[in-house]
Amino acid sequence: MYKTLPALKAVPAQPAIPVISQDILEEKYGMRVNLIGVTAAGGMVDLRLKILDAEKAKQLISDGKHLPSLVVPGSNVILTPSEDSQSQEIKLQNGGDLFLLFPNTRNAVQTGSSLTVRFADRDLEPIIAK
């Protein structure tokens, strides 16, 4: 005798976020990641971006409300920029630098950790924190 089980409802899969290479970040979006580093005795993560082409960079960063986040692969941790970073006036200039600080929630990031920089609807290939 066979017993039938009730059908399970399908849960829609989250659409995959496209992953871009650092070369595409430079060519298409006019930015380069110069550093992801653990700082402030491990309490903060420092992201430094070089703006190569300000007009292209505006596709991903337009103001303090549209800043990248840091995703710690293999965990549920996504770091968002500090309030100071979010409130700063964003001036994208060719050859300029953008410095963002992220609170290191639950000490999720250590030197040598792999991180993904998430720009709205796309992820940058993983980078090792220094």
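The residue that is nearest to Leu67 (Cα to Cα), counting only those in region 14-35 that are in contact with a strand residue (DSSP E or B) (Cβ under 7 Å, 6 or more places away or on another chain) and assigned to a helix (DSSP H, G or I), is Leu25.
So the check is Cβ under 8 Å with 6+ separation or different chains; which pairs have a first residue in region 67-87 that's crowded, with 20+ Cβ neighbours inside 10 Å and a second one that's assigned to a helix (DSSP H, G or I) and at pLDDT below 95? Once the first residue is crowded, with 20+ Cβ neighbours inside 10 Å and sits in region 67-87, its partners that are assigned to a helix (DSSP H, G or I) and at pLDDT below 95 give Leu67/Ser85; Leu67/Gln86; Leu79/Thr105.
So, in region 114-125, exactly how many residues are modelled with pLDDT of 95 or more and in a loop (DSSP other than H, G, I, E, B)? The total comes to 1. Of the residues making up region 89-104, those that are surrounded by 14 or more Cβ atoms within 10 Å (Cβ to Cβ) and closer than 17 Å to Met44 by Cα are Leu98, Leu100, Leu101, Phe102, Pro103, Asn104.
Once region 73-107 is narrowed to residues that are in a loop (DSSP other than H, G, I, E, B) and β-branched (Val, Ile, Thr), the residue that is farthest from Gln59 (Cα to Cα) is Val77.
Whether any residue in region 24-40 is basic (Lys, Arg), at pLDDT below 95 and over 16 Å from Ile128 (Cα atoms) is what I want to check. Scanning region 24-40, I find no residue that is basic (Lys, Arg), at pLDDT below 95 and over 16 Å from Ile128 (Cα atoms), so the answer is no.
Among the residues making up region 36-57, those that are within 16 Å of Val117 (Cα to Cα) and either β-branched (Val, Ile, Thr) or surrounded by 16 or more Cβ atoms within 10 Å (Cβ to Cβ) (or both) are Ile36, Val38, Met44, Val45, Asp46, Leu47, Leu49, Lys50, Ile51, Ala57.
Of all the criteria given as (1) among the β-branched types (Val, Ile, Thr); (2) within 14 Å of the chain's Cα centre (by Cα); (3) surrounded by fewer than 18 Cβ atoms within 10 Å (Cβ to Cβ), the one not satisfied by Ile61 is (3).
The values are calculated or read from the model by the stated rules, or taken from the named source; none is laboratory data. Source: prediction; values computed, not measured. Virtual Cβ from ideal backbone geometry, glycine too; neighbours counted across all protein chains shown.
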